Amino acid sequence: MISLKELMTRRDAFTGLTMGNYALARAMAEAGLKVATSYPGSPTPEIGAALLGAPEEERPYYFEFSTNEKVALEKAAGASLNGHLSACFFKSVGLNVAADSLIQLSMMELIGGMVVILGDDPGANSSQNEQDNRHFARMSYIPMLEPATPREARGMFLEAAAVSRRLRMPVFLRLTTHVCHARERVDFGPLPDGAAGWEPGFDPKNGPYVPVAATVFPLKEKALRKQDEFGRLMDVSAMNRLFPAASGPARLGIVSAGLPALCAVEAVAAAGAPADVLKLACTWPLPSEKLADFLASHEEVFVLEDLDRVLETEIKALAFDRGLKCRVHSRKERSDLMGEMTPPRAAAMLASAWPEHFKAPPPRPAAEEPAARLPQLCPGCGHRSAFHAVKRALPPGAITVADIGCHSMGFMPPYEMGTVLLSMGHSVSTGAGLALGNSSRKVVSFLGDSTFFHAAMPGIVNAVVQDSDITLVLLENGTTAMTGHQPRAGTGEIGDKIPLPRLLEAMGVKFLRDVEAYKQAELAAALKEAMDHKGFAVVIARHPCMLKFMREAKARNPGLKPSRVAVDQAKCARHYTCVAEFACPSFVKHDAGSVTVHPELCIGDGSCVQTCPAAAIVREKGGEGK
Amino acid sequence: MAFNVYICGVGGQGIGVLAAALSTAAEAAGHEVRGCDTHGLAQRHGSVSSHLRLGGDALTPRVPEGQADIVLALERLEGLRGALYALKPGGTLLYYDTVYQPVTVRTGLRAYPSAEKVEAQVAELGGKTARVSVEGISDPRMQNAALLGRLAALGLAPGFTRETLRSALADTLGGRALEANLAVFDKAAG
Ligand code: SF4
Ligand code: SF4
């Protein structure tokens, strides 16, 4: 296995078994990229991990995890305005945050070139929805390339960067979860000799760069012209691939792109069906001449895609406009618009149009569903301690609002804390809305500290100004835990510390308590006081992310054996508070009714000790945990 | 036809090591390799899976439902779940026999399956079951090595021999507790 450092700094060409995200990072270096920015979000954070894999002094590029996606996109755009090739990357819903500036980008003469990389998530593997960002390409007049494999991710990035720089326009590269995380052998090229300099090349004469009434139309005209030019390039691009039917000239054809296209190729091969597959590299603007030829040379064509009916609508319109006789089929069921394509699903969809050639795979034999295993907060997580305390302090009928982060998992049993969720940073304002005209039910909102900086500050200022009668529990764990512990702003890992209490005071918060999350009695008391306070109140429940803490402790001391707790069987009165309410995954309940502690899971932090009504949880001697 | 291996376990068990070692071994045996890890909530004790497909006609990275020749699991319940989803008739489930209770089991809502139950449910699918556990493992992550050792001994997959798997494991671990891991590998291989 090749190290990330080697991946990013090796000068000559080589080949390696690599995941899509890493292949993309290497492609950035091969393209001579100067600036990359991001906000961490699955499925893209490993691109950042690879970019950080080279020691800072050996990086020919600048990279940062920014405070949010809009900041990331603007910073990359600024670099490009100065003549530096740039890229920003984030997850699907991150584009919503960045949209306000993104939508202006196509009107800008981006002299350095800029690639906006999206990690879309059909199947909602790690996102709050499966939004189809192909719509954004149309709305923002930004072309979109869609790789299906790590190899293609590299190749299409290089192409996107080159064309973007030449036409001075932004280009989207849309990956999906299982392209980002797919693994295959990739041939990499050499790194360019002599990195480009940092001369700031911004010149307002390249613009205008200020879209106001008088300039909007010429700028929009330019954006549309470039979009058309990109489409003409794609019409003759070798990146579009034809997979001809093994059986010879076919009257049936399938049009697809990205991973769904490869699913189609596998389905055709498995069925031995007489159908050609046209795999489009660029899904906006569509290569209309190539498509028209394909439609004209096939009697029937199936448009196979994930999520919304994006390609389908365009291709049907094209067939109509050109008066083509080709019959255009598409997915039939509402369920076909949900989830991610697989070869068997492709076969089932194709069977709906061509039952003589494709068969829906037989359903799996009915079997008893095994017990579900949902993700849980880690052993020792401070959020668990906070939820346990908060839950006990809440009056009946209280409404709890969740935000994004590890603590979102609190909505599940047994905590059931945070039972409504919209988006990053929403919890304060949604909570404030729930509190309007409501004097009978307390409203408590949760928020993580990375999300605080990402998008919650305007909501907090609003709650201060309007003195919204809610309590905000700010769960401060000192990192962006959910996506793999990227540093958040203000911890001091990068730049100076920004202490949350001081910041909140400066924002005008009048009621503020700062409590260690393991101190459950103190936290509960602070929460009660906060809820009694008329108006906006903030309680910080502070504890470092223990997964990060333990990983760092083990890295410093590889032989570290964490201490543990044990259940004193003589004292245990079988309340099961530890198992059913506090619910640290370390507790094991045996068939005979006894409870023990799983030696491989417990980290010995002891936050559970206070929760046992019979005081049966005891610290084991020895060990060196926290 | 592609040869498909579906790897699964509980987030935090380190199935990435298995996937990496198997990929290396498969390449050493001359197979074209395609695969995919599921990332995301891996550290939060949920079910996790990783996919490995050998052979040039596999273009997509995930093992399709019901098409795994081998399901390799680091935990019993996950082995059952993986087999029910992915195992094809005639395929084999090989799992490391350890137990991590999910919340639903701990709170008494669901039962944890016995080894016999797993075997019976897999047999209903037309599959075979093998399990391995090694006494006195000092670090649970070495369960990976045990699984690879037994896989080599069972000779279930083309090219997954004792030699290729052993050296792939060494390559993947790159020195980290290598001797102890290889000892576990050898013990499990019998
Ligand atoms: S990663 Fe950190 S914050 Fe997230 S659940 Fe684990 S310990 Fe808690
Ligand atoms: S001491 Fe062990 S059992 Fe108690 S909360 Fe921490 S990890 Fe869980």
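The values are calculated or read from the model by the stated rules, or taken from the named source; none is laboratory data. These figures come from a predicted structure and were not determined experimentally. All Cβ positions, glycine included, derive from the backbone under ideal geometry; neighbour counts span all protein chains shown.
Does segment A:279-286 include one or more residues that are closer than 18 Å to A:ALA319 by Cα and within 14 Å of chain B (Cβ to nearest Cβ)?
Going residue by residue through segment A:279-286, those that are closer than 18 Å to A:ALA319 by Cα are A:279-280, A:283-286.
Those still in the list that are within 14 Å of chain B (Cβ to nearest Cβ) too: A:279.
The answer is yes, given that some residue of segment A:279-286 is closer than 18 Å to A:ALA319 by Cα and within 14 Å of chain B (Cβ to nearest Cβ).
Provide a single number: the residues in segment A:1-14 that are of a type outside the set (S, T, N, Q) and not in a helix (DSSP H, G or I). Give the derivation first.
Start the filter on segment A:1-14 by keeping residues that are of a type outside the set (S, T, N, Q), which leaves A:1-2, A:4-8, A:10-14.
Cutting the leftovers down to not in a helix (DSSP H, G or I) gives us A:1-2, A:10-14.
Residues meeting the conditions: 7.
For segment A:15-64, name all the residues that are assigned to a helix (DSSP H, G or I), within 14 Å of another protein chain (Cβ to nearest Cβ) and not hydroxyl-bearing (Ser, Thr, Tyr). Even if it seems obvious, please write down each step before you answer.
The initial filter retains those residues of segment A:15-64 that are assigned to a helix (DSSP H, G or I), namely A:20-30, A:45-51, A:56-58.
Right, trim to within 14 Å of another protein chain (Cβ to nearest Cβ) and you get A:20-23, A:45-50.
Once the filter is applied, which keeps residues that are assigned to a helix (DSSP H, G or I), within 14 Å of another protein chain (Cβ to nearest Cβ) and not hydroxyl-bearing (Ser, Thr, Tyr), segment A:15-64 yields A:GLY20, A:ASN21, A:ALA23, A:PRO45, A:GLU46, A:ILE47, A:GLY48, A:ALA49, A:ALA50.
Whether any residue in segment A:358-368 is away from ligand 2 (no atom under 16 Å from the Cβ), in contact (Cβ under 8 Å) with a residue 24 or more places away in the chain, surrounded by fewer than 18 Cβ atoms within 10 Å (Cβ to Cβ) and closer than 30 Å to A:ALA275 by Cβ is what I want to check.
Of segment A:358-368, the ones away from ligand 2 (no atom under 16 Å from the Cβ) are A:358-368.
Right, trim to in contact (Cβ under 8 Å) with a residue 24 or more places away in the chain and you get A:358-359.
Pick out the ones that are also surrounded by fewer than 18 Cβ atoms within 10 Å (Cβ to Cβ) and you get A:359.
From the residues that got through so far, the ones that are closer than 30 Å to A:ALA275 by Cβ too are A:359.
Checking segment A:358-368: at least one residue is away from ligand 2 (no atom under 16 Å from the Cβ), in contact (Cβ under 8 Å) with a residue 24 or more places away in the chain, surrounded by fewer than 18 Cβ atoms within 10 Å (Cβ to Cβ) and closer than 30 Å to A:ALA275 by Cβ.
Can you name the condition, by its number, that A:GLY339 falls short on among (1) at positive phi; (2) not in a loop (DSSP other than H, G, I, E, B)?
Tallying (1) at positive phi; (2) not in a loop (DSSP other than H, G, I, E, B), A:GLY339 fails exactly one: (2).
Out of (1) touching a helix residue (DSSP H, G or I) at 6+ places or on another chain (Cβ under 7 Å); (2) under 23 Å from A:ALA124 (Cβ atoms); (3) of a type outside the set (Ser, Thr, Tyr), the odd one out for B:ALA28 is which?
Result: B:ALA28 passes all but (2).
Scanning segment A:89-115 for residues that are of a type in the set (S, T, N, Q) and part of a loop (DSSP other than H, G, I, E, B), which turns out surrounded by the most Cβ atoms within 10 Å (Cβ to Cβ)? Give the derivation first.
Residues of segment A:89-115 of a type in the set (S, T, N, Q): A:92, A:96, A:101, A:104, A:106.
Pick out the ones that are also part of a loop (DSSP other than H, G, I, E, B) and you get A:92, A:106.
Working: A:SER92: 28, A:SER106: 21.
By that ranking, first place goes to A:SER92.
Quick one: which of A:ALA54, A:ALA27 is touching a residue at least 60 places away in the same chain (Cβ under 8 Å) and in contact with a Lys or Arg (Cβ under 6 Å, 6 or more places away or on another chain)?
Values: A:ALA54 fails: touching a residue at least 60 places away in the same chain (Cβ under 8 Å).
None of the others qualify; the one that does is A:ALA27.
Can you find, within segment A:557-590, the residue that is nearest to the other protein chains (Cβ to nearest Cβ) among those that are in contact with a helix residue (DSSP H, G or I) (Cβ under 6 Å, 6 or more places away or on another chain) and near ligand 2 (Cβ under 8 Å from one of its atoms)? Steps first, answer last, please.
Of all residues in segment A:557-590, those in contact with a helix residue (DSSP H, G or I) (Cβ under 6 Å, 6 or more places away or on another chain) come to A:560, A:577, A:579, A:582, A:587, A:589.
Those still in the list that are near ligand 2 (Cβ under 8 Å from one of its atoms) too: A:582, A:587.
Details: A:PHE582: 11, A:PHE587: 7 Å.
Across segment A:557-590, the extreme among qualifying residues is A:PHE587.
Conditions tested, residue by residue: (1) β-branched (Val, Ile, Thr); (2) more than 16 Å from ligand 1 (Cβ to nearest atom); (3) assigned to a loop (DSSP other than H, G, I, E, B).
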{"site": "A:ALA347", "(1), (2), (3)": "no, yes, no"}
{"site": "A:LYS359", "(1), (2), (3)": "no, yes, yes"}
{"site": "A:PRO362", "(1), (2), (3)": "no, yes, yes"}
{"site": "A:GLU369", "(1), (2), (3)": "no, yes, yes"}
{"site": "A:GLN376", "(1), (2), (3)": "no, no, yes"}
{"site": "A:PRO379", "(1), (2), (3)": "no, no, yes"}
{"site": "A:ARG384", "(1), (2), (3)": "no, no, no"}
{"site": "A:PRO396", "(1), (2), (3)": "no, yes, yes"}
{"site": "A:SER408", "(1), (2), (3)": "no, no, no"}
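Taking segment A:578-608 as the search range and keeping residues that are of a type in the set (S, T, N, Q) and surrounded by fewer than 19 Cβ atoms within 10 Å (Cβ to Cβ), which one is farthest from ligand 1 (Cβ to nearest atom)?
It comes out as A:SER594.
Output the residues belonging to segment A:446-460 that are touching a helix residue (DSSP H, G or I) at 6+ places or on another chain (Cβ under 6 Å) and surrounded by fewer than 24 Cβ atoms within 10 Å (Cβ to Cβ).
Within segment A:446-460, just A:GLY459 meets the criteria.
For residues that are under 20 Å from the mean Cα position of the chain (by Cα), within 14 Å of chain B (Cβ to nearest Cβ) and of a type in the set (Gly, Ala, Ser), tally how many sit in segment A:378-421.
So the count comes out to 3.
Which residue is surrounded by the most Cβ atoms within 10 Å (Cβ to Cβ), if the candidates are limited to segment B:44-61 and must be more than 10 Å from every other protein chain (Cβ to nearest Cβ) and in a loop (DSSP other than H, G, I, E, B)?
Initial filter on segment B:44-61 (more than 10 Å from every other protein chain (Cβ to nearest Cβ)): B:49, B:54-56.
Next, only the ones that are in a loop (DSSP other than H, G, I, E, B) stay: B:55-56.
Details: B:GLY55: 15, B:GLY56: 9.
Of everything passing the filter in segment B:44-61, B:GLY55 is surrounded by the most Cβ atoms within 10 Å (Cβ to Cβ).
Would you be able to tell me the number of residues in segment A:10-28 that are among the polar types (S, T, N, Q) and under 21 Å from the mean Cα position of the chain (by Cα)?
We begin by selecting, within segment A:10-28, every residue among the polar types (S, T, N, Q); these are A:15, A:18, A:21.
From the residues that got through so far, the ones that are under 21 Å from the mean Cα position of the chain (by Cα) too are A:18, A:21.
The qualifying residues number 2.
Assuming A:ARG551 fulfils every condition listed in (1) away from ligand 1 (no atom under 16 Å from the Cβ); (2) of a type outside the set (A, V, I, L, M, F, W, C); (3) out of contact with any strand residue (DSSP E or B) (no Cβ under 6 Å at 6 or more places or on another chain) apart from one, which condition is it?
Looking at each condition in turn, A:ARG551 falls short on (1).
Residues to consider are B:ALA73, B:ALA28, B:ALA68, B:ALA58; find the one that is at pLDDT below 95 and of a type in the set (A, V, I, L, M). Reasoning before the result, please.
Numbers: B:ALA73 fails: at pLDDT below 95; B:ALA68 fails: at pLDDT below 95; B:ALA58 fails: at pLDDT below 95.
The match here is B:ALA28.
Every residue, every condition in (1) aliphatic (A, V, I, L, M); (2) more than 10 Å from chain A (Cβ to nearest Cβ); (3) in a strand (DSSP E or B); (4) touching a residue at least 12 places away in the same chain (Cβ under 8 Å), yes or no:
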site: B:GLY16; (1), (2), (3), (4): no, yes, no, yes
site: B:ALA19; (1), (2), (3), (4): yes, no, no, yes
site: B:GLY35; (1), (2), (3), (4): no, no, yes, yes
site: B:VAL63; (1), (2), (3), (4): yes, no, no, yes
site: B:VAL71; (1), (2), (3), (4): yes, yes, yes, yes
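In segment B:122-154, what residues are more than 19 Å from B:ALA86 (Cα to Cα), of a type in the set (Gly, Ala, Ser) and at pLDDT 90 or above? Full working, then the answer.
Looking only at segment B:122-154, we keep the residues that are more than 19 Å from B:ALA86 (Cα to Cα), and these are B:132-146, B:148-150, B:152-154.
Retained after the next criterion (residues that are of a type in the set (Gly, Ala, Ser)): B:133, B:136, B:138, B:145-146, B:149, B:152-153.
Answer for segment B:122-154, where residues must be more than 19 Å from B:ALA86 (Cα to Cα), of a type in the set (Gly, Ala, Ser) and at pLDDT 90 or above: B:SER133, B:ALA145, B:ALA146, B:GLY149, B:ALA152, B:ALA153.
Within the group A:SER423, A:SER429, A:SER445, which residue is on the phi < 0 side of the Ramachandran plot, part of a strand (DSSP E or B) and either of a type outside the set (A, V, I, L, M) or without any contact (Cβ under 8 Å) to a residue 60 or more places away in the chain (or both)?
On the way: A:SER423 fails: part of a strand (DSSP E or B); A:SER429 fails: part of a strand (DSSP E or B).
Answer to the selection: A:SER445.
Quick one: which of B:ARG106, B:ARG34 is touching a His at 6+ places or on another chain (Cβ under 9 Å) and more than 16 Å from ligand 1 (Cβ to nearest atom)?
Every option except B:ARG34 fails the conditions.
Name the helices (runs of 4 or more DSSP H) wholly within segment A:168-283 that hold at least 2 residues that are surrounded by fewer than 22 Cβ atoms within 10 Å (Cβ to Cβ) and in the same structural domain as A:PHE90 (by TED's automatic domain parsing)?
Answer list for segment A:168-283: A:213-235.
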